[in-house]
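See below for the structure under consideration.
The values are calculated or read from the model by the stated rules, or taken from the named source; none is laboratory data. Only a predicted model underlies this, so the values are computations on that prediction, with no experimental measurement involved. Cβ placement follows ideal geometry from the backbone for every residue including glycine, while neighbour counts extend to all protein chains displayed.
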Amino acid sequence: MKKLIFAVLCCLPLTAFGWSKIGHYTVAEVAQSQLTRRAEKKITKVLDNASLAMVSNYADNIKSDKNYNDRYNWHYCNFPADITKSQFDSLAQGNQNGQAFYQIIRITEYLKKNPNDADMLKMLIHLVGDVHQPLHIGHPDDKGGNGVKVKWFRYKTNLHRIWDSNMVESEKMSYTELANKVSSLYPATKQNYSVENLLQWGWETYQITNELYKTSNEVNKTYQYIYKYRSVCDKQLANGGYHLASILNYIYK
C-alpha cells in the first residue's frame, strides 16, 4: 500500500509548485539570518510576529481559493532553450508565458510604497524562492519539465517534480538543519537588489535549467544523479535566501 501511494503521488502534476514546503522554508530561513535589524523589526510587525519561513508557502496554500486564480501564473516563467542574455532579460520582464520575474519587480516597488501589505509581502517571499527552482524557468513546450518523464528509483515521475521536491527531501533534514547546511557550505556575499541583479540571478539559474534538460536521462540512475546535483540544489537554496534578503533589505531599509 505504501508503494502504491508513493507511486500515485509521484505522478501528480505540479506545474506551478516551486520547491517543496521544506525547500521554501529553507530559503526563507536563510533569508531571515541575513536581514538587517531594521528590516527584520519592520517585517516582523507586518507579518504579525511570524517568521519568513512560517509564511513562505502562503502563495501555494491560497491556490485552493478561487479568488486567487489570477495569481497562478505568477509562480513561473517559461523560456525557450539556449536563448541569449538579452533575450532572457526581455522575456523575463514581460508578462507572457509566466510572470514570476515581472511580479517580483512589480511587488518589490509596490512594497516600497506600501510596506504594510502582508499579502503582497508573503507573495514576494514565495516567488523569490520559486525562481531559484530551475524548472520554474523551464521550457514552454513541456510545461517546465512536467512533460519530461523520468524514473526516481523505480517510480515514474517527471523532471519538474524531481526539482520541486525529490532533490530537497532526499536530504532527510528539517528546514532549519538544511538552512544551516547550505549557508555553511555557501557563505553569503554582499548582495544588493536591483532589477539588473535580479535578472542576472535568474540568468544564472537558467544556465542550470538548460543543463538539467540535457541530462534528464541521468535521473534514472537516481543515486548517481543525487550525488552529481546535490551541490547545485544546495547552492540554489542558499542563493534564494540571500537574494530574498537583499530584496527585503532594499524594501524595508
Picked from segment 91-145 (must be over 26 Å from residue 54 (Cβ atoms) and of a type in the set (Asp, Glu)), the residue nearest to the chain's Cα centre (by Cα) is 142
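For segment 19-50, give me each residue that is of a type in the set (Ser, Thr, Tyr) and closer than 16 Å to residue 177 by Cβ.
The answer is 20, 25, 26, 33.
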Just to be sure, is residue 237 of a type in the set (A, V, I, L, M) and under 30 Å from residue 43 (Cβ atoms)? yes
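Across segment 175-209, what is the number of residues that are part of a helix (DSSP H, G or I), among the polar types (S, T, N, Q) and surrounded by fewer than 16 Cβ atoms within 10 Å (Cβ to Cβ)?
Residues in segment 175-209 being part of a helix (DSSP H, G or I), among the polar types (S, T, N, Q) and surrounded by fewer than 16 Cβ atoms within 10 Å (Cβ to Cβ): 5 in total.
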Within segment 210-227, track down each residue that is of a type in the set (D, E, K, R) and either in contact with a Ser or Thr (Cβ under 8 Å, 6 or more places away or on another chain) or assigned to a helix (DSSP H, G or I) (or both). 211, 214, 218
Could you check how many residues of segment 103-145 are polar (S, T, N, Q) and surrounded by fewer than 19 Cβ atoms within 10 Å (Cβ to Cβ)? 2
Residue under question is residue 66, and the condition is that it be under 20 Å from residue 42 (Cα atoms), free of Cβ contacts under 8 Å to residues at least 12 places away in the same chain and more than 15 Å from the chain's Cα centre (by Cα); does it hold? no
Take residue 237 and decide whether it is assigned to a helix (DSSP H, G or I), aliphatic (A, V, I, L, M) and touching a His at 6+ places or on another chain (Cβ under 9 Å). yes
Checking the structure you have, find out if any residue of segment 75-88 is under 18 Å from residue 57 (Cβ atoms) and either modelled with pLDDT under 95 or out of contact with any strand residue (DSSP E or B) (no Cβ under 6 Å at 6 or more places or on another chain) (or both). yes
Candidate set from segment 44-70 (those that are in contact with a helix residue (DSSP H, G or I) (Cβ under 7 Å, 6 or more places away or on another chain) and polar (S, T, N, Q)); member that is surrounded by the fewest Cβ atoms within 10 Å (Cβ to Cβ): 51
